[in-house]
Every structure is written in C-alpha cells, then in structure tokens.
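Data block below; observations after.
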Amino acid sequence: MIPCAFDYEAPTSLEEALSLLSTRGHEAKLLAGGQSLLPLMKLRFARPRIVIDLGGISGLRGIRRDGDQIAIGALTSYSEIVESELLRSHCALLPQTAVTVGDVQVRNQGTLGGALAHADPAADMPAAIAALDANLKIVGPKGERIVKAHDFFVAMLTTNLARDEILTEIRVPRLEQTRCTYVKAAKRASGFAIVGIAVRLRTSADRVCEEIAVGLTGITDRPHRAETVESMLRGKRLDRQLIEQAALEVTRGLDVTADINGSSEYRSHLTRVHMARALHAVSGDT
C-alpha cells in the first residue's frame, strides 16, 4: 500500500519547525528517521495531512560531553550511538542496547529521539533510557523544559510531549566503574522486544551493590523501572541466591501484557529468566 496524500515540509531550523507545528500541529507528524512512521503511513494507520521532516536541522544531531553528563541530539542515529567512543567508554548501556535494534538499515536511519517520541511498548531504547534515569530536553512555543525519563512515557504510543513541542536532546550520566547490559527475547523477523531488560550496576570490591537501576520494556504498555528488584539488591552483597530471589519479583505489581507473542504468564516467566541472566552478567556471577 501507499500512504494517503500529504504535504511535505523540510525546515532547516528548530524555529521554523516549531512555527510549522504551531500552525498545523493538529494535522502534522514529525519525521525523525521514519522507521516507525512510514510503515504506519503505508498501512494507513497514520494519515497526517503534513509531514515535517526534521532531518535538515543539524543542531539536533551529535554526541558530546557536557560536564558529568553526555548530551545526545534527538536525531542521532542508532549506528552513531553504537560507534560512539564517548558512549562506549562512559555510558556503554546505550551502545549495547542500540546494536540490538532491527538490522543495519534500520540502525543507520532510525534515531534515538524518534524512537522515544514514538513510544512503542516493544522498543529497546526506552528501557536503557529508563535505567539511565535520563533527562529529556523538550522545546516548544513556551520555551524549554526538562522531563525525567520516568515521567516522559505515559502509555502505549503516548508521551509527555505536547502537540506543538519537539524532543531535541537526551542527557545521560557519565558512568564510572559501572557495569551495564541489555538482554532481550525478541521476535526474529522484526527484532522487537517481547521482553527487554537494561541494567546498570556499581558494586564495591566485596560485591556489595552500591547503585543499581533496571529498565524494562515489552512487558507492559510503557517502559518501567524494576523498583522491587532494585530495592532488594541495593546495599546487599550479591550472590547467586539473592539474584535468583530478586529476579522472581521483577513483575510484581505490573499488569503484564498478553498478546500474539504470548500470554501474560509466559511473558512473566521470560522476564524472570532474563532478569536473572542480566543480573548474573553485570555482577560477574556468570
């Protein structure tokens, strides 16, 4: 199928893009990479009257150090994240997650900001963003605002973004002496996560958990932090028995999704299995 007819605009500045949104935001869609929007348009699940292509706004790309944070432009591609030496050295969770997204073609074209704004419940990057407790910079007609990752995702395909706002930058911490991993069970054809788990962990020399964050995707209608697991492990000396006990609690309090990929019971089981694998990997207890 082909999309319905639409107008196309390619602004070269953020101000121009915001101006277009202010006048036609109710009938517009932003194009940040197109790996999600274009398939929806071809199937006519999305029928925008105008597509605003952000690709010509150079200020929305790039990865740079900014104090104790790393700033990532919203139009930075998955491939750029995978290849970034700065991220590999100081925030390895993002490259580890990005390399699992789709295939090479998708990673070359798809963008971090596009994925987060689309808020697909089976997307990989939201789990990493949640585990990193990232700050998301949003710009609109009233100026800039910063939204924490846990407040950004509202529901399936729904975020904190207003119709006339644009996600411009994602800020993540520079991690020191921290182990990270991302594991998932995925559909072979698409690579979308049935269950995805992102973990960052810092331990003392005697394996006491000093800091831990766990992001979940694919399990409910939006990404979550596994706060029960985090609280069970924080301040404790990590061993195999404690890890296995914590993994059993990972879906406690969550309304686990049931769909064509499996029942809620099956998905809960997969989540517990992959939670244990991820914790063993980052703790060194493999």
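The values are calculated or read from the model by the stated rules, or taken from the named source; none is laboratory data. Computed from a prediction, not measured in an experiment: that's the story for all the values here. Note: ideal-geometry Cβ built from the backbone for every residue, glycine included; neighbour counts use all protein chains shown. Areas reflect the complete protein model, heavy atoms only, side chains present, ligands, DNA and RNA absent. Shrake-Rupley method; radii C 1.70, N 1.55, O 1.52, S 1.80 Å.
Tabulated values for the structure
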| quantity | calculated |
| --- | --- |
| Kirkwood hydrodynamic radius of the range 171-277, from inverse mean 1/r over distinct Cα pairs, in Å | 14.4 |
| Counted charge near PRO223, where neighbours are those whose Cβ lies closer than 13 Å (Asp, Glu -1; Lys, Arg +1) | -2 |
| Highest average packing first - 250-261, 267-278, Cβ atoms within 10 Å | 267-278, 250-261 |
| Cβ-based net charge around SER77, under 9 Å, with every Lys or Arg adding one and every Asp or Glu removing one | +1 |
| Semi-axis lengths (Å, descending) of the ellipsoid that matches the C-alpha gyration tensor of the range 1-112 | 29, 18, 9 |
| Degrees, to the nearest 10: 14-24 long Cα axis against longest axis of the chain | 70 |
| Carbon plus sulfur fraction of accessible area for the chain, probe 1.4 Å, in percent | 48 |
| For LEU31, net neighbour charge (Lys/Arg +1, Asp/Glu -1) across residues whose Cβ lies under 11 Å away | -1 |
| For the range 1-43 and the range 239-286, distance of Cα centres in Å | 38 |
| Sparse-neighbour loop sites [trypsin sites (Lys or Arg not before Pro); the range 11-78; at most 12 other C-beta within 10 Å; DSSP] | ARG44 |
| Degrees, to the nearest 10: 264-283 long Cα axis against longest axis of the chain | 70 |
